[in-house]
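J.: Please find one structure pasted underneath; my questions will follow.
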Amino acid sequence: MTLAYLMTMVGRELGVSSWVEVDQAMIDSFADTTRDRQWIHVDVERARRESPYGAPVAHGFLTLSLIAGMSYEIGAQPKGLSASVNYGLDKVRFLSPVRVGARVRLRSTLVSLEEKSPGQHLMKTSNVVEIEGEERPALVADTLVLLVSEA
């Protein structure tokens, strides 16, 4: 995909990723990395007993962080880039918990693609992380990526 072609995709769905299982090992690893070891994420027995979800749930930020890898799978980045840089978020809403063992996938739509300077374009996508078998998504997020063309 070229940058010129990507510009024609504004307002259209870029794609849907495959399903990714969020298992306890992933949750524990994220907890260790971020030092967020709240019991609802890492204490399996207590979460089964006391959590309103009946099981451990993934950190919201863990689910949010999965967007990057799933977006690579969709292939929304054009050829001819020297870099693509996380530029931030415009909006994030965590709508439903992701229970341990659930599978999630990304559905991404290109909102805008604007030239910031010669060779640099800001891409905004609207992302929905769906949970398999559930009506409500885990989250919605508008992400920004700076695309830097090769010289």
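The values are calculated or read from the model by the stated rules, or taken from the named source; none is laboratory data. Predicted, not measured: the structure shown is a model, and the values here were computed from it. We place every Cβ from the backbone using ideal geometry, glycine too, and count neighbours over all the protein chains shown.
J.: When region 135-148 is examined, which residues are found to be within 10 Å of Val98 (Cα to Cα) and either small (Gly, Ala, Ser) or not in a strand (DSSP E or B) (or both)?
T.: Pro137, Ala138 - these are the residues of region 135-148 that are within 10 Å of Val98 (Cα to Cα) and either small (Gly, Ala, Ser) or not in a strand (DSSP E or B) (or both).
J.: Let me ask you something else. Looking at Thr125, Thr63 in this structure, which one is among the β-branched types (Val, Ile, Thr), modelled with pLDDT of 95 or more and either within 19 Å of Ala4 (Cα to Cα) or assigned to a loop (DSSP other than H, G, I, E, B) (or both)?
T.: Thr125
J.: May I ask you to list the residues in region 32-59 that are within 21 Å of the chain's Cα centre (by Cα) and buried (at least 18 other Cβ atoms within 10 Å of the Cβ)?
T.: Correct list: His41, Pro56, Val57, Ala58, His59.
J.: Of the residues Gly119, Gly88, Gly133, Gly101, which is touching a strand residue (DSSP E or B) at 6+ places or on another chain (Cβ under 9 Å), free of Cβ contacts under 8 Å to residues at least 40 places away in the same chain, under 26 Å from His41 (Cα atoms) and surrounded by fewer than 16 Cβ atoms within 10 Å (Cβ to Cβ)? Steps first, please.
T.: Values: Gly119 fails: under 26 Å from His41 (Cα atoms); Gly88 fails: free of Cβ contacts under 8 Å to residues at least 40 places away in the same chain; Gly101 fails: free of Cβ contacts under 8 Å to residues at least 40 places away in the same chain.
Result: Gly133 is the single residue among Gly119, Gly88, Gly133, Gly101 that is touching a strand residue (DSSP E or B) at 6+ places or on another chain (Cβ under 9 Å), free of Cβ contacts under 8 Å to residues at least 40 places away in the same chain, under 26 Å from His41 (Cα atoms) and surrounded by fewer than 16 Cβ atoms within 10 Å (Cβ to Cβ).
Residue-by-condition table, conditions (1) under 19 Å from Gly15 (Cβ atoms); (2) small (Gly, Ala, Ser); (3) touching a Pro at 6+ places or on another chain (Cβ under 6 Å):
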| residue | (1), (2), (3) |
| --- | --- |
| Glu73 | yes, no, no |
| Val100 | no, no, yes |
| Arg105 | yes, no, no |
| Ser117 | no, yes, no |
| Ser126 | yes, yes, no |
| Ile131 | yes, no, no |
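J.: Looking at region 66-73, can you tell me whether even one residue there is assigned to a helix (DSSP H, G or I), closer than 18 Å to Ser108 by Cα, touching a residue at least 60 places away in the same chain (Cβ under 8 Å) and of a type in the set (A, V, I, L, M, F, W, C)?
T.: yes
J.: Residues Asp90, Asp32, Asp36: which one is assigned to a loop (DSSP other than H, G, I, E, B) and of a type in the set (D, E, K, R)?
T.: Asp36
J.: Pick from region 18-29 the residues that are in contact (Cβ under 8 Å) with a residue 12 or more places away in the chain and assigned to a helix (DSSP H, G or I): which of them is surrounded by the most Cβ atoms within 10 Å (Cβ to Cβ)?
T.: Ile27
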